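K.L.:
My questions will all concern the structure given below.
The values are calculated or read from the model by the stated rules, or taken from the named source; none is laboratory data. Please read all numbers here as calculations on a predicted model, not as lab measurements. Please note that ligands, DNA and RNA were not included when accessible areas were found on the heavy atoms of the full protein model with its side chains. Shrake-Rupley method; radii C 1.70, N 1.55, O 1.52, S 1.80 Å.
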Amino acid sequence: IFWAWMIQFLESNAPCARAVTHIEQSYRQAGLPTPSFNTAAYTKARARLPQTFLCNILQEVTARQEKQLTNDQLWHGHRLKAIDGTSVKLLDTPENQAAYPQPSGQKPGCGFPVMGLVGLLDLATGSLQQVHPCPHQTHDTKGLYQLCPYLMDGDILLADRAFCSYGLIAKLLGQGVDSVMRLHQKREAKLKWENGKKLDGDSRLFTWKKPATPNRCGFSPKEWEALPAEMTLRIIRSKGPDRNGDPRTIYLVTTLLDPKRYPVGEVANLYNERWKIEVKFRDIKTTMQLETFRVKSPERALQTLRMLQITYNLIKARQLSHLHHIGKNLDAFSFKST
(Lines give C-alpha, C1' and ligand atoms only; values in the text may rest on other atoms or scores of the structure.)
Protein backbone atom coordinates (compact mmCIF):
# COMPACT_ATOMS: atom_id res chain seq x y z
CA ILE A 1 0.00 0.00 0.00
CA PHE A 2 2.84 2.36 0.89
CA TRP A 3 4.64 1.88 -2.44
CA ALA A 4 1.41 2.00 -4.45
CA TRP A 5 0.57 5.33 -2.84
CA MET A 6 4.05 6.64 -3.60
CA ILE A 7 3.57 5.66 -7.24
CA GLN A 8 0.52 7.93 -7.32
CA PHE A 9 2.72 10.85 -6.25
CA LEU A 10 5.52 9.94 -8.67
CA GLU A 11 3.05 9.73 -11.54
CA SER A 12 1.78 13.29 -11.00
CA ASN A 13 -1.02 12.60 -8.51
CA ALA A 14 -2.40 9.65 -10.50
CA PRO A 15 -5.87 8.31 -9.55
CA CYS A 16 -6.32 5.39 -7.16
CA ALA A 17 -7.14 3.08 -10.08
CA ARG A 18 -3.55 3.49 -11.29
CA ALA A 19 -2.22 2.41 -7.88
CA VAL A 20 -4.46 -0.66 -7.82
CA THR A 21 -3.24 -1.61 -11.32
CA HIS A 22 0.35 -1.56 -10.02
CA ILE A 23 -0.67 -3.76 -7.08
CA GLU A 24 -2.31 -6.27 -9.43
CA GLN A 25 0.80 -6.36 -11.64
CA SER A 26 3.00 -7.01 -8.59
CA TYR A 27 0.79 -9.91 -7.50
CA ARG A 28 0.87 -11.47 -10.97
CA GLN A 29 4.67 -11.21 -11.15
CA ALA A 30 4.93 -12.90 -7.75
CA GLY A 31 2.60 -15.73 -8.85
CA LEU A 32 -0.04 -14.74 -6.29
CA PRO A 33 -3.84 -14.55 -6.72
CA THR A 34 -4.74 -11.16 -8.18
CA PRO A 35 -6.75 -8.99 -5.77
CA SER A 36 -10.01 -7.40 -6.82
CA PHE A 37 -9.80 -4.18 -8.83
CA ASN A 38 -11.55 -2.29 -6.04
CA THR A 39 -10.32 1.23 -5.36
CA ALA A 40 -12.54 1.51 -2.26
CA ALA A 41 -10.62 -1.32 -0.59
CA TYR A 42 -7.33 0.36 -1.53
CA THR A 43 -8.32 3.76 -0.11
CA LYS A 44 -9.50 2.13 3.13
CA ALA A 45 -6.19 0.30 3.44
CA ARG A 46 -4.31 3.50 2.70
CA ALA A 47 -6.21 5.28 5.47
CA ARG A 48 -5.06 2.62 7.93
CA LEU A 49 -1.37 3.46 7.45
CA PRO A 50 -0.44 4.87 10.89
CA GLN A 51 1.01 8.37 11.19
CA THR A 52 3.79 6.90 13.35
CA PHE A 53 4.71 4.54 10.49
CA LEU A 54 5.01 7.44 8.05
CA CYS A 55 6.91 9.61 10.56
CA ASN A 56 9.42 6.80 11.19
CA ILE A 57 10.07 6.44 7.45
CA LEU A 58 10.50 10.21 7.12
CA GLN A 59 13.05 10.19 9.94
CA GLU A 60 14.94 7.35 8.24
CA VAL A 61 15.06 9.24 4.93
CA THR A 62 16.30 12.37 6.73
CA ALA A 63 19.00 10.39 8.54
CA ARG A 64 20.27 8.97 5.22
CA GLN A 65 20.47 12.46 3.75
CA GLU A 66 22.39 13.73 6.78
CA LYS A 67 25.06 11.08 6.21
CA GLN A 68 25.67 12.40 2.69
CA LEU A 69 26.19 15.99 3.82
CA THR A 70 29.63 17.58 3.34
CA ASN A 71 31.16 20.91 4.37
CA ASP A 72 30.92 22.06 0.74
CA GLN A 73 27.16 22.32 1.21
CA LEU A 74 27.47 24.74 4.15
CA TRP A 75 27.84 28.54 4.07
CA HIS A 76 30.71 29.78 6.27
CA GLY A 77 30.13 26.64 8.34
CA HIS A 78 26.40 27.38 8.74
CA ARG A 79 23.46 25.24 7.69
CA LEU A 80 21.04 27.29 5.56
CA LYS A 81 17.28 26.91 5.98
CA ALA A 82 14.53 28.76 4.12
CA ILE A 83 10.91 29.21 5.14
CA ASP A 84 7.81 30.19 3.18
CA GLY A 85 4.06 29.69 3.09
CA THR A 86 1.72 28.23 0.48
CA SER A 87 -1.66 26.47 0.39
CA VAL A 88 -3.49 23.50 -1.14
CA LYS A 89 -7.17 22.81 -1.78
CA LEU A 90 -9.09 19.95 -0.17
CA LEU A 91 -12.31 18.22 -1.21
CA ASP A 92 -15.44 20.13 -0.21
CA THR A 93 -16.67 18.18 2.84
CA PRO A 94 -18.08 19.50 6.15
CA GLU A 95 -15.06 18.10 8.02
CA ASN A 96 -12.56 19.87 5.77
CA GLN A 97 -14.55 23.11 5.79
CA ALA A 98 -14.62 23.11 9.59
CA ALA A 99 -10.85 22.64 9.93
CA TYR A 100 -9.68 24.61 6.89
CA PRO A 101 -12.40 27.07 5.80
CA GLN A 102 -12.58 28.37 2.25
CA PRO A 103 -11.60 32.01 1.60
CA SER A 104 -14.12 34.41 3.12
CA GLY A 105 -14.64 36.23 -0.19
CA GLN A 106 -16.24 33.13 -1.75
CA LYS A 107 -19.91 32.28 -1.31
CA PRO A 108 -20.74 28.95 0.41
CA GLY A 109 -20.78 26.17 -2.14
CA CYS A 110 -18.66 28.16 -4.61
CA GLY A 111 -15.22 27.30 -3.30
CA PHE A 112 -13.08 24.63 -1.70
CA PRO A 113 -11.52 24.30 1.75
CA VAL A 114 -7.96 25.68 1.73
CA MET A 115 -5.23 24.24 3.96
CA GLY A 116 -2.38 26.66 4.57
CA LEU A 117 1.15 25.26 4.75
CA VAL A 118 4.35 26.74 6.14
CA GLY A 119 7.40 24.78 4.99
CA LEU A 120 11.00 24.66 6.20
CA LEU A 121 13.53 23.83 3.48
CA ASP A 122 17.05 22.57 4.17
CA LEU A 123 19.14 24.16 1.40
CA ALA A 124 22.07 21.80 2.05
CA THR A 125 20.12 18.63 1.25
CA GLY A 126 17.20 20.15 -0.67
CA SER A 127 14.74 18.34 1.61
CA LEU A 128 11.53 19.65 3.15
CA GLN A 129 12.59 19.36 6.77
CA GLN A 130 9.11 20.05 8.13
CA VAL A 131 5.73 21.29 6.88
CA HIS A 132 3.21 22.78 9.31
CA PRO A 133 -0.49 22.82 8.32
CA CYS A 134 -2.77 25.66 9.41
CA PRO A 135 -5.90 27.52 8.24
CA HIS A 136 -4.94 29.71 5.29
CA GLN A 137 -5.98 32.86 7.20
CA THR A 138 -3.32 32.18 9.86
CA HIS A 139 -0.39 34.55 9.53
CA ASP A 140 2.91 33.07 8.37
CA THR A 141 4.63 34.20 11.56
CA LYS A 142 2.56 31.76 13.61
CA GLY A 143 3.77 28.96 11.33
CA LEU A 144 7.39 29.97 11.97
CA TYR A 145 6.70 29.94 15.71
CA GLN A 146 5.54 26.31 15.38
CA LEU A 147 8.62 25.37 13.31
CA CYS A 148 11.22 26.95 15.62
CA PRO A 149 11.94 23.60 17.38
CA TYR A 150 13.21 22.19 14.06
CA LEU A 151 15.91 24.85 13.75
CA MET A 152 19.26 24.01 15.34
CA ASP A 153 22.16 25.96 16.84
CA GLY A 154 24.32 27.27 13.98
CA ASP A 155 21.52 27.40 11.41
CA ILE A 156 20.76 30.54 9.39
CA LEU A 157 17.12 31.08 8.48
CA LEU A 158 16.23 32.92 5.27
CA ALA A 159 12.75 34.45 5.16
CA ASP A 160 10.73 37.11 3.39
CA ARG A 161 9.26 40.13 5.17
CA ALA A 162 6.07 38.36 6.25
CA PHE A 163 8.18 36.57 8.90
CA CYS A 164 10.13 39.66 10.00
CA SER A 165 9.09 40.35 13.60
CA TYR A 166 10.94 41.26 16.78
CA GLY A 167 9.67 38.23 18.67
CA LEU A 168 10.62 35.62 16.08
CA ILE A 169 14.09 37.06 15.44
CA ALA A 170 14.71 37.16 19.21
CA LYS A 171 13.39 33.63 19.73
CA LEU A 172 15.61 32.28 16.95
CA LEU A 173 18.66 34.12 18.31
CA GLY A 174 17.98 32.60 21.73
CA GLN A 175 18.25 29.16 20.11
CA GLY A 176 21.57 30.05 18.47
CA VAL A 177 19.88 30.51 15.08
CA ASP A 178 20.83 33.54 12.97
CA SER A 179 18.48 34.99 10.39
CA VAL A 180 18.44 37.03 7.20
CA MET A 181 15.04 38.51 6.37
CA ARG A 182 13.69 41.26 4.22
CA LEU A 183 12.68 44.19 6.41
CA HIS A 184 8.93 44.32 7.04
CA GLN A 185 7.21 47.03 5.03
CA LYS A 186 5.96 48.87 8.15
CA ARG A 187 9.48 49.11 9.58
CA GLU A 188 10.89 50.06 6.18
CA ALA A 189 8.41 52.95 5.93
CA LYS A 190 9.70 54.32 9.26
CA LEU A 191 13.40 53.56 8.64
CA LYS A 192 15.79 56.50 9.08
CA TRP A 193 18.99 55.20 7.52
CA GLU A 194 21.13 58.06 8.79
CA ASN A 195 20.29 57.19 12.44
CA GLY A 196 22.04 53.81 12.33
CA LYS A 197 25.64 53.18 13.38
CA LYS A 198 27.61 52.95 10.13
CA LEU A 199 29.51 49.72 9.49
CA ASP A 200 30.20 50.29 5.79
CA GLY A 201 28.57 51.97 2.83
CA ASP A 202 25.51 49.72 2.77
CA SER A 203 25.04 48.35 6.30
CA ARG A 204 24.29 49.90 9.67
CA LEU A 205 23.48 48.78 13.20
CA PHE A 206 20.10 49.62 14.72
CA THR A 207 18.64 48.95 18.16
CA TRP A 208 15.12 47.51 18.21
CA LYS A 209 12.91 47.76 21.29
CA LYS A 210 10.56 44.94 22.24
CA PRO A 211 6.92 45.80 21.39
CA ALA A 212 4.38 45.76 24.21
CA THR A 213 2.49 42.76 22.79
CA PRO A 214 3.43 39.75 20.60
CA ASN A 215 0.56 40.27 18.13
CA ARG A 216 -0.29 37.04 16.27
CA CYS A 217 3.04 35.22 16.49
CA GLY A 218 1.86 32.58 18.98
CA PHE A 219 3.87 33.60 22.07
CA SER A 220 2.38 33.09 25.51
CA PRO A 221 2.65 36.05 27.93
CA LYS A 222 5.38 34.17 29.84
CA GLU A 223 7.42 33.51 26.68
CA TRP A 224 7.05 37.12 25.59
CA GLU A 225 8.19 38.38 28.98
CA ALA A 226 11.34 36.22 28.76
CA LEU A 227 12.52 37.83 25.50
CA PRO A 228 15.20 40.57 25.74
CA ALA A 229 13.98 44.15 26.06
CA GLU A 230 16.05 45.22 23.04
CA MET A 231 18.25 43.81 20.27
CA THR A 232 21.05 45.17 18.11
CA LEU A 233 20.46 44.19 14.49
CA ARG A 234 22.22 44.94 11.22
CA ILE A 235 20.25 46.41 8.33
CA ILE A 236 21.71 45.99 4.86
CA ARG A 237 20.83 48.09 1.84
CA SER A 238 20.89 46.02 -1.34
CA LYS A 239 20.49 47.42 -4.84
CA GLY A 240 19.66 45.44 -7.94
CA PRO A 241 17.05 44.75 -10.61
CA ASP A 242 13.54 43.60 -9.74
CA ARG A 243 11.75 40.77 -11.55
CA ASN A 244 11.00 43.15 -14.44
CA GLY A 245 14.60 44.30 -14.72
CA ASP A 246 13.93 47.74 -13.21
CA PRO A 247 16.34 49.08 -10.54
CA ARG A 248 15.22 48.81 -6.92
CA THR A 249 16.56 48.98 -3.38
CA ILE A 250 15.57 46.51 -0.69
CA TYR A 251 16.48 46.43 2.98
CA LEU A 252 17.50 43.24 4.78
CA VAL A 253 17.67 42.75 8.53
CA THR A 254 20.09 40.20 9.95
CA THR A 255 21.69 39.01 13.18
CA LEU A 256 25.00 38.51 11.28
CA LEU A 257 26.60 41.65 12.66
CA ASP A 258 30.26 41.30 11.61
CA PRO A 259 30.75 43.12 8.25
CA LYS A 260 34.18 41.54 7.70
CA ARG A 261 33.09 37.95 8.22
CA TYR A 262 29.74 38.52 6.49
CA PRO A 263 30.20 41.17 3.75
CA VAL A 264 27.17 43.01 2.40
CA GLY A 265 27.34 41.39 -1.03
CA GLU A 266 27.50 37.87 0.38
CA VAL A 267 24.54 38.42 2.71
CA ALA A 268 22.49 39.96 -0.11
CA ASN A 269 23.28 36.96 -2.34
CA LEU A 270 22.38 34.70 0.55
CA TYR A 271 18.91 36.22 0.76
CA ASN A 272 18.42 35.42 -2.93
CA GLU A 273 18.72 31.73 -1.99
CA ARG A 274 15.37 32.07 -0.23
CA TRP A 275 13.70 31.96 -3.64
CA LYS A 276 14.52 28.26 -3.87
CA ILE A 277 11.75 27.28 -1.48
CA GLU A 278 9.19 28.89 -3.78
CA VAL A 279 10.62 26.80 -6.63
CA LYS A 280 10.25 23.66 -4.48
CA PHE A 281 6.60 24.45 -3.82
CA ARG A 282 6.15 24.83 -7.57
CA ASP A 283 7.73 21.39 -8.09
CA ILE A 284 5.18 19.93 -5.69
CA LYS A 285 2.07 21.80 -6.82
CA THR A 286 2.75 21.95 -10.57
CA THR A 287 5.13 19.12 -11.51
CA MET A 288 3.60 16.62 -9.06
CA GLN A 289 0.14 18.17 -9.65
CA LEU A 290 -0.66 18.37 -5.95
CA GLU A 291 -2.44 21.69 -5.89
CA THR A 292 -5.44 19.72 -4.57
CA PHE A 293 -5.39 16.91 -2.00
CA ARG A 294 -8.25 14.57 -2.95
CA VAL A 295 -9.16 13.67 0.64
CA LYS A 296 -12.39 13.95 2.60
CA SER A 297 -11.10 14.66 6.11
CA PRO A 298 -8.37 16.68 7.86
CA GLU A 299 -6.85 13.43 9.18
CA ARG A 300 -6.35 12.12 5.64
CA ALA A 301 -4.96 15.53 4.61
CA LEU A 302 -2.26 15.28 7.29
CA GLN A 303 -1.51 11.71 6.24
CA THR A 304 -1.19 12.84 2.62
CA LEU A 305 1.09 15.68 3.68
CA ARG A 306 3.50 13.28 5.40
CA MET A 307 3.48 10.92 2.43
CA LEU A 308 4.18 13.84 0.10
CA GLN A 309 7.12 14.90 2.29
CA ILE A 310 8.57 11.36 2.16
CA THR A 311 8.23 11.13 -1.61
CA TYR A 312 9.69 14.58 -2.23
CA ASN A 313 12.63 13.98 0.10
CA LEU A 314 13.39 10.61 -1.52
CA ILE A 315 13.67 12.37 -4.87
CA LYS A 316 16.04 14.94 -3.34
CA ALA A 317 18.02 12.09 -1.71
CA ARG A 318 18.35 10.52 -5.15
CA GLN A 319 19.83 13.76 -6.46
CA LEU A 320 22.09 14.17 -3.43
CA SER A 321 23.56 10.68 -3.88
CA HIS A 322 25.00 11.73 -7.28
CA LEU A 323 26.53 15.06 -6.21
CA HIS A 324 29.92 13.70 -5.18
CA HIS A 325 30.35 11.88 -8.50
CA ILE A 326 29.86 14.89 -10.77
CA GLY A 327 31.14 17.74 -8.58
CA LYS A 328 28.03 19.92 -8.92
CA ASN A 329 25.35 21.22 -6.56
CA LEU A 330 21.67 20.31 -6.29
CA ASP A 331 20.64 23.10 -8.65
CA ALA A 332 22.30 21.18 -11.51
CA PHE A 333 19.49 18.59 -11.41
CA SER A 334 16.01 18.99 -12.83
CA PHE A 335 13.37 17.85 -10.34
CA LYS A 336 11.05 16.72 -13.12
CA SER A 337 13.78 14.75 -14.90
CA THR A 338 14.87 13.09 -11.67
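K.L.:
Which cross-chain or sequence-distant (5 or more) residues have an amide H under 5 Å from the amide H of G196, H modelled 1.01 Å from N in plane?
P.N.:
Distant-sequence amide H within range of G196: zero hits.
K.L.:
Using Cα positions and a limit of under 19 Å, work out the lysines in reach of K186, with same-chain residues fewer than 8 apart set aside.
P.N.:
K142, K209, K210
K.L.:
Using the C-alpha atoms of the chain, what convex hull volume per residue, in cubic angstrom, is computed?
P.N.:
174
K.L.:
Among Q29, Q137, Q51, which one moves the most in a GNM of the chain with springs linking Cα atoms closer than 10 Å?
P.N.:
In the Gaussian network model the winner is Q29.
K.L.:
For the chain, modelled as a GNM with alpha-carbon contacts under 10 angstrom, which of L90, L120, L69 fluctuates the most?
P.N.:
For the chain, modelled as a Gaussian network with Cα springs under 10 Å, the answer is L69.
K.L.:
Roughly how many whole Å is it from the C-alpha centroid of the stretch 222-264 to that of the stretch 142-180?
P.N.:
One Cα centre to the other: 13 Å.
K.L.:
Would you list, by chain and number, the aspartates and glutamates whose Cα falls below 18 Å from the Cα of K44, excluding same-chain residues fewer than 8 positions away?
P.N.:
Hits, sequence-local ones excluded: E24, E95, E299.
K.L.:
If I model the stretch 242-338 as equal point scatterers sitting on the Cα atoms and use the Debye formula, what is log10 I(q)/I(0) at q = 0.18, 0.19, 0.23 Å⁻¹?
P.N.:
With one equal scatterer per Cα and no solvent, log10 I(q)/I(0) is -1.01, -1.04, -1.16.
K.L.:
Further, regarding this structure: Over the heavy atoms of E66, what accessible area does a 1.4 Å probe trace out, to the nearest 10 Å²?
P.N.:
The accessible area of E66 comes to roughly 80 Å².
K.L.:
For the stretch 160-165, take each phi angle, set θ = phi - 60°, evaluate the Karplus expression 6.51 cos²θ - 1.76 cosθ + 1.60, and give the result in whole Hz per residue in order, putting x for glycine and proline.
P.N.:
7, 6, 4, 9, 7, 9
K.L.:
Now a separate question. I'd like the orientation of helix 51-67 relative to the chain: the angle between its Cα long axis and the longest Cα principal axis, in ° from 0 to 90, rounded to 10.
P.N.:
Tilt relative to the chain: about 60 degrees.
K.L.:
Considering only protein heavy atoms and a probe of 1.4 Å, how much of the accessible area of the stretch 236-335 is carbon and sulfur, as a whole percent? Kindly include the intermediate steps, with their values, before the conclusion.
P.N.:
Numbers: 2430 of 5140 Å².
For the stretch 236-335, the apolar C and S fraction of the accessible surface comes to 47 percent.
K.L.:
Classify the stretch 1-107 from the C-alpha gyration tensor, please: rounded if a/c falls under 1.5, else prolate or oblate depending on whether a/b exceeds b/c.
P.N.:
Note, shape of the stretch 1-107 comes out oblate.
K.L.:
Please compute the per residue accessible area over the stretch 56-136 with all protein chains in place, 1.4 Å probe, rounded to a whole number of Å².
P.N.:
46
K.L.:
Turning to a different aspect of this structure: Among S179, S165, S321, which one shows the highest mean-square fluctuation when the chain is modelled as a Gaussian network with alpha-carbon springs under 10 Å?
P.N.:
Answer for the Gaussian network model of the chain: S321.
K.L.:
Rank these residues by their accessible area, most exposed first, probe 1.4 Å: T338, T125. Could you put the intermediate results ahead of the total?
P.N.:
Numbers: T338 75, T125 0 Å².
Final ranking, largest accessible area leading: T338, T125.
K.L.:
To the nearest µm²/s, what D does Stokes-Einstein give for the stretch 123-236 at 37 °C and 0.692 mPa s, using the Kirkwood radius over alpha carbon pairs as Rh?
P.N.:
In µm²/s, the coefficient is 214.
K.L.:
Here is a further query. Expressed as a whole percentage, what fraction of the accessible surface of the stretch 1-145 belongs to carbon and sulfur atoms when a 1.4 Å probe is rolled over the protein heavy atoms?
P.N.:
C and S fraction of accessible area: 55 percent.
K.L.:
A further question on this structure: Work out from phi, with θ = phi - 60° and the Karplus expression 6.51 cos²θ - 1.76 cosθ + 1.60, the ³J(HN,Hα) of each residue of the stretch 37-50, listed in order in whole Hz, and give x for Gly and Pro.
P.N.:
So the Karplus estimates, Gly and Pro as x, are 7, 10, 5, 5, 5, 5, 5, 5, 5, 4, 5, 7, 5, x Hz.
K.L.:
Rounded to whole Å, give me the distance from the Cα center of the stretch 265-303 to that of the stretch 63-137.
P.N.:
Their Cα centres are 6 Å away from one another.
K.L.:
Show me, for the stretch 190-199, the HN-Hα J-couplings you get by feeding each phi into the Karplus relation (A = 6.51, B = -1.76, C = 1.60, θ = phi - 60°), rounded to Hz, glycine and proline as x.
P.N.:
9, 5, 10, 4, 5, 7, x, 6, 5, 9
K.L.:
Here's a follow-up. Of K198/K239; K285/K336; K239/K336, which pairs sit farther than 24 Å apart, going by alpha carbon to alpha carbon?
P.N.:
Listed pairs above 24 Å: K239/K336.
K.L.:
Another question, then. Just reorder H322, H184 by solvent-accessible area, largest first, 1.4 Å probe, all chains present.
P.N.:
Ranked from most to least accessible, the order is H322, H184.
K.L.:
Given H placed 1.01 Å from N in the peptide plane, which residues other than close sequence neighbours of L183 have an amide H under 5 Å from its amide H?
P.N.:
Residues meeting the criterion, in which the H sits 1.01 Å from N, are Y251, L252, V253.
K.L.:
For the chain, give the share of DSSP beta bridges that are antiparallel, in percent and rounded to the nearest 5; count only bridges with both residues there. Intermediate results must be reported in sequence, preceding the final value.
P.N.:
On the way: 38 of 48 bridges.
Looking only at bridges with both residues in the chain, the antiparallel portion is about 80 percent.
K.L.:
Averaged per residue, what accessible surface does the stretch 150-220 expose to a 1.4 Å probe, in Å²? Walk me through the numbers on the way to the answer.
P.N.:
On the way: 3510 Å² over 71 residues.
I get 49 Å² per residue for this part.
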